[in-house]
There are 2 protein chains.
Amino acid sequence: MRTVSEPRSDVSIGEAARVSGVKVPTIRYYEQIGLLPAPPRTEGNRRTYDAGDIARLTFIRHARDLGFEMDGIRTLLALQADPTQSCAAADSVARAHLAEVEQRIAALTALKAELERMIEGCRHGRLAECKVIEVLADHGKCTHDHH
Amino acid sequence: MRTVSEPRSDVSIGEAARVSGVKVPTIRYYEQIGLLPAPPRTEGNRRTYDAGDIARLTFIRHARDLGFEMDGIRTLLALQADPTQSCAAADSVARAHLAEVEQRIAALTALKAELERMIEGCRHGRLAECKVIEVLADHGKCTHDHH
DNA sequence: CTAGGACCTCTAGCGGCTAGAGGAGCAAGA
DNA sequence: TCTTGCTCCTCTAGCCGCTAGAGGTCCTAG
């Protein structure tokens, strides 16, 4: 990032947080773990961010929103920094994440069915015959697939 | 728990772990946070678990597998201990969890669509025009709903 | 010139475990 | 009997991705 032609519009960490949607302490945390380069400081020791930093933050935030893990984001950021490379690597990160997401959807869908079954069996009864408790207590009554 | 009529078949923590599917350190951790009562010990200071404890552990494990949070499990365990109560409370815990699960499924499904779109746009191209990076860098190009 | 914000660093905490150190007990074979 | 090797014990620290708080500095508006 940090496109040469782009104007250097230095902003405070608070402004960067507002624009990128990443909270102030989280920005500092990202700097600490090396996800974001340490920005220049003012005379008064305040961090100043330019448009490139903000783009990077927005990128990170969006990737996090999409559920990418830090490691994946690091890879994506590295790829982003080197636009001459083939996108095969970025693709494979995204594909791996997609597979994970699909698996989670499947698991949650099975879970939903089981919860509905539990709740259905529990209508207006007394706890003695409550399916919620029963299903949880006795694994055999349950169709849920364990990971 | 610890039904009076049930035979007291004391087992070691390792055996309890094997039977319940909860790992040994996790059992100790549950005891520490008060989710599981401290069991009696042998002369040699080893924990001994009876059938009731194992049922409780299995219950916890199953509820965790279903994605219930510790607080919900605590409630369910309390309800299970008092079977004279109406199941309304257990029902509402399960319902709340179901709503959450449905929400997560919806979010993940949207995410899946977006990932597929990203990957689709990325086929065999060079990174310069890679949609994965683009979509992540520019929020405007993205349909994902932020939580 | 002062009040109140925004910023700084540093440390500790969250949930829900997991890993490791360093030691004691216990069962079975030589 | 001794020894090997397994399980168990306690205790502390670490994992992720932040978040919260203390205690201080800087900057800006009135």
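A few notes on this one:
- Under 5 Å, built H, 5+ apart or other chain: amide partners of B:Cys87: A:Leu127
- 10 Å Cβ neighbours from other chains, averaged over peptide B:63-72: 3
- Average other protein chain Cβ within 10 Å of Cβ, residues A:90-98: 6
- Protection proxy ranking, peptides B:26-36, B:108-118, A:38-48, average beta carbon neighbours within 10 Å, highest first: B:108-118, B:26-36, A:38-48
- Size of electric dipole in region B:13-85: Cβ of Lys, Arg +1 and of Asp, Glu -1, about Cα centre, debye, nearest 20: 260 debye
- Principal semi-axes in Å for region A:13-85 [√(5λ), Cα gyration tensor, largest first]: 21, 14, 11
- The value of relative contact order for region B:13-85, using C-alpha pairs under 8 Å at least six residues apart, is 28 percent.
- Look at the stretch A:105-117: the mean tally of other chain Cβ atoms within 10 Å of its residues' Cβ atoms is 5.
- Span from the region B:87-103 Cα centroid across to the region A:37-102 one, whole angstrom: 36 Å
- Contour minus Cα-Cα distance for A:Glu120 and A:Gln103 (0.36 nm per residue): 3.5 nm
We did not get these values from a lab; they are worked out from the coordinates using the rules stated. Quantities reported herein were computed from a predicted structural model and do not represent experimental measurements. Neighbour counts are summed over all protein chains in view; Cβ atoms, including those assigned to glycine, are modelled from backbone coordinates with ideal geometry.
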